[in-house]
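Single-structure report; data block below.
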Amino acid sequence: MKLMPVSFQGKSPSSIEGTDALLNRWRVITVTLLVIGYAGYYLCRSDLSVVMPLLTAELGAKGIAPDVAKIKLGTIASLGVFAYAVGKFPAGWLADFLGGRRSFLFGMGGAALFTVLFGLAGGIPLFTFAWMCNRLIQSTGWAGMVKITSRWFSYSSYGTVMGIVSLSYLFGDAASREFMSLLIRAGLGWRGVFFAAAATLGALLILNIILLKETPQRIGRPEPPTNPGNLFGDDGKKTEPESVGSLLKTFGASRVFWLVCLLSCGLTILRETFNLWTPTYFTESVGLTVADAAQKSALFPLFGGISVILAGVLSDRFGAGGRAAIILYGMLLSSLVLLGLAFGSFGESPMTPVALVALVAFLVIGPYSYLAGAIALDFGGKMGSGTASGLIDCAGYLGGVLAGSSFAGVSVRWGWRGGFTCLAAIALLSSAAAYFYLRSLLARSGAGDSKNQV
């Protein structure tokens, strides 16, 4: 299997992006705002995972058995993921029609509001309502970022730029967990953690309202070219679609797009499971304290961040076929590591399972970042990038619902060994989808299509 560097019609990526100092300065500002803004989303998303042991203890004090409390909280998390998945469908085309900036800012404000409501809640029903509304509104954020990226950057740099933007949910997640672990060490209860998260996100919202711009046209500069191999052809250069139906018809008719949706389902299950249950696994099985578990859980997004930068740079060199190959090998290797977590004997040392969790992140998160990022931009161009991202993420998070109560049920009945074995099987099934995706791309390339063709 030979993966050749992408041809950009005789131009280097740097020449396509240009050397305009003002434009490049605003590109840096835009990416920085997107990264820190979406990182703030994770203060109001990872907070439930971090305080899960504290919430379990509080419910236990009210007479709810630990295993029952674990399943109840897992159910809340699953319903939140379901709301997030449902929200992804309209969020994508809303970003295409209304603009990425509005979608991005709306998600930030809503997340802060409902995080405060969760902190004020006193029981399972209101916890559930607040968490579902929080995740539903947060669904607008990522599609908004993808839409903004499609208007600020050339297709020659999609992989690298989306790799940097993806740091928002990786290093941002890691920093959020570290920040919340410090709050817990300082003696804050879970409610204090939620209020602090909402206040910080509110401050980031104000910063983005002041500085974030929808398009380089706002500073008097033209928009860069989109991928000529997008599913809409020349129409992909337009910034607003004719109708929702035209978008859905085009994406629905693409077999390769459906393969990417299947991949999103599998990889999102893996990512969401580790995001939610890593602190609990570290406390129950590895023997760490709640604060130490929160801190060590930050290694998952941290190593994931290293992975997305490396994967993004490589994908700009090798194009769509290279992305598919990286996804395939990542899934195959991660299945082996997951089996190691399931059946390994770690003795008294907690560092081995912690290191294996970090290795899973390195193998999974780089490939995951392609799906609703660079690949969505390749599929949708400027016209449909938000919808492509929303549909891919919608498919992923519908699968991610299983990361909550379903995984909790498996781990309660068969222990962590059974849970990691199930995740290994999901990784293997995802590698099969990645194989067929790669075959489709190589067949198109062999038929004479552009290497940028999706």
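Closer than 22 Å to residue 194 by Cβ and not hydroxyl-bearing (Ser, Thr, Tyr): is that true of residue 77 in this structure? For residue 77, the condition - closer than 22 Å to residue 194 by Cβ and not hydroxyl-bearing (Ser, Thr, Tyr) - is met. Among the residues making up the stretch 233-255, those that are in contact with a Lys or Arg (Cβ under 8 Å, 6 or more places away or on another chain) and either under 30 Å from residue 406 (Cβ atoms) or not small (Gly, Ala, Ser) (or both) are 237, 238, 239.
Listed here are the residues, each with its yes/no results for (1) of a type in the set (Gly, Ala, Ser); (2) modelled with pLDDT under 90; (3) surrounded by fewer than 24 Cβ atoms within 10 Å (Cβ to Cβ); (4) in contact with a helix residue (DSSP H, G or I) (Cβ under 8 Å, 6 or more places away or on another chain).
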residue	(1), (2), (3), (4)
369	yes, yes, no, yes
382	no, yes, no, yes
399	yes, yes, yes, yes
412	no, yes, yes, yes
415	yes, yes, yes, no
428	no, no, yes, yes
452	no, yes, yes, yes
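The set of residues from the stretch 209-228 being outside any loop (DSSP other than H, G, I, E, B) and surrounded by fewer than 20 Cβ atoms within 10 Å (Cβ to Cβ) comprises 209, 210, 211, 217, 218, 219.
Just checking, how many residues over the stretch 229-261 are part of a loop (DSSP other than H, G, I, E, B), of a type outside the set (Ser, Thr, Tyr) and either closer than 13 Å to residue 380 by Cβ or modelled with pLDDT of 80 or more (or both)? Spell out how you get there, then give the answer.
First, the residues of the stretch 229-261 that are part of a loop (DSSP other than H, G, I, E, B): 229-232, 238-243, 253-254.
Narrowing further to those that are of a type outside the set (Ser, Thr, Tyr): 229-232, 238, 240-242, 253.
With the extra rule that they be either closer than 13 Å to residue 380 by Cβ or modelled with pLDDT of 80 or more (or both), the set shrinks to 229-232, 238, 240-241, 253.
Count: 8.
Can you tell me which of (1) farther than 18 Å from residue 168 by Cβ; (2) modelled with pLDDT under 90 is the one residue 88 doesn't meet? Just one mismatch for residue 88, condition (1). Residues in the stretch 33-47 that are crowded, with 24+ Cβ neighbours inside 10 Å and either touching a Gly at 6+ places or on another chain (Cβ under 7 Å) or not in a loop (DSSP other than H, G, I, E, B) (or both): 8 in all. Checked against (1) closer than 20 Å to residue 119 by Cα; (2) free of Cβ contacts under 8 Å to residues at least 12 places away in the same chain; (3) of a type in the set (A, V, I, L, M), residue 65 meets all criteria but (1).
Pairs meeting the criteria (first residue in the stretch 155-171 and more than 16 Å from residue 375 (Cβ to Cβ) and of a type in the set (S, T, N, Q), second residue at pLDDT 80 or above and part of a helix (DSSP H, G or I), beta carbons under 6 Å, at least 6 apart or on different chains) are 168/35; 168/38; 168/39.
Can you pull out the residues in the stretch 36-70 that are of a type in the set (D, E, K, R), closer than 18 Å to residue 121 by Cβ and at pLDDT below 85? Listed by number, the residues that qualify are 58, 62.
Residues in the stretch 128-164 that are over 28 Å from residue 114 (Cβ atoms) and among the aromatic types (Phe, Trp, Tyr): 152, 153, 155, 158.
The values are calculated or read from the model by the stated rules, or taken from the named source; none is laboratory data. In this text the structure is predicted, and so the values were computed from the model without any measurement. Quick reminder, even Gly has a Cβ in these numbers, built from the backbone with ideal geometry, and neighbours come from all protein chains shown.
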